[in-house]
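This is the structure I have questions about; it appears just below.
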Amino acid sequence: MSKRTHTREDQRQRTEFFDEGKRLDANPETRQLAGCWLCGLRIDYTQAPGTTTDSHTLDHYYPVDDYPELQNDPDNFRHCHFDCNSSRGKGDAERGLGELMPAWWS
Ligand SMILES: [Zn+2]
């Protein structure tokens, strides 16, 4: 069972983190900091978080299921595509890029 909580405070932090990303993305000099930490591409901040594949989600560097005490630690927050976050699952942050396609894919 997931140890994740869904409190008002969680929601506030999420919104704040999204707004921060949006601000960084609006400035070409800081845009890189607002990109997806998994694939490095730009996130679509014009869409509401979690509504499209390239919209924003808050990802946790250390998965909440393993580190519930870090769920509300801003140092653990990463800007992430909805799609990248979903396909990451948990526990494989160490995996390098370029290994995402299974062998049967082509
Ligand atoms: Zn991504």
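The values are calculated or read from the model by the stated rules, or taken from the named source; none is laboratory data. Note that the structure is a prediction, hence the values are computed from the model and not measured. Every residue, glycine among them, receives a Cβ derived from its backbone with ideal geometry; neighbour counts consider all protein chains shown.
Any chance region 5-14 includes a residue that's surrounded by 13 or more Cβ atoms within 10 Å (Cβ to Cβ) and either within 15 Å of the ligand (Cβ to nearest atom) or free of Cβ contacts under 8 Å to residues at least 60 places away in the same chain (or both)?
Yes, region 5-14 contains at least one residue that is surrounded by 13 or more Cβ atoms within 10 Å (Cβ to Cβ) and either within 15 Å of the ligand (Cβ to nearest atom) or free of Cβ contacts under 8 Å to residues at least 60 places away in the same chain (or both).
Further question on the same structure: Within the bounds of region 35-43, is there any residue that is more than 13 Å from the ligand (Cβ to nearest atom) and not hydrophobic (A, V, I, L, M, F, W, C)?
Within region 35-43 (the criterion being more than 13 Å from the ligand (Cβ to nearest atom) and not hydrophobic (A, V, I, L, M, F, W, C)), the answer is no, since none of the residues qualifies.
Which condition breaks for Ile43 when tested against (1) out of contact with any Ser or Thr (no Cβ under 8 Å at 6 or more places or on another chain); (2) outside any strand (DSSP E or B)?
(1)
Quick one: Pro68 ticks every box in (1) exposed (fewer than 11 other Cβ atoms within 10 Å of the Cβ); (2) modelled with pLDDT of 50 or more bar one, so which box is it?
Condition (1) is where Pro68 drops out.
Out of all the residues in region 16-50, which are free of Cβ contacts under 8 Å to residues at least 12 places away in the same chain and among the hydroxyl-bearing types (Ser, Thr, Tyr)?
Answer for region 16-50, where residues must be free of Cβ contacts under 8 Å to residues at least 12 places away in the same chain and among the hydroxyl-bearing types (Ser, Thr, Tyr): Thr30, Thr46.
Something else: Filter region 62-91 for residues that are in a helix (DSSP H, G or I) and of a type in the set (S, T, N, Q); which is farthest from the ligand (Cβ to nearest atom)?
Asn76
Taking the condition surrounded by 15 or more Cβ atoms within 10 Å (Cβ to Cβ), in contact (Cβ under 8 Å) with a residue 24 or more places away in the chain and of a type in the set (Gly, Ala, Ser), does Ser55 pass?
Yes, satisfied.
Spot the failing condition for Asp59; the list is (1) modelled with pLDDT of 95 or more; (2) assigned to a loop (DSSP other than H, G, I, E, B), and only one is missed.
(2)
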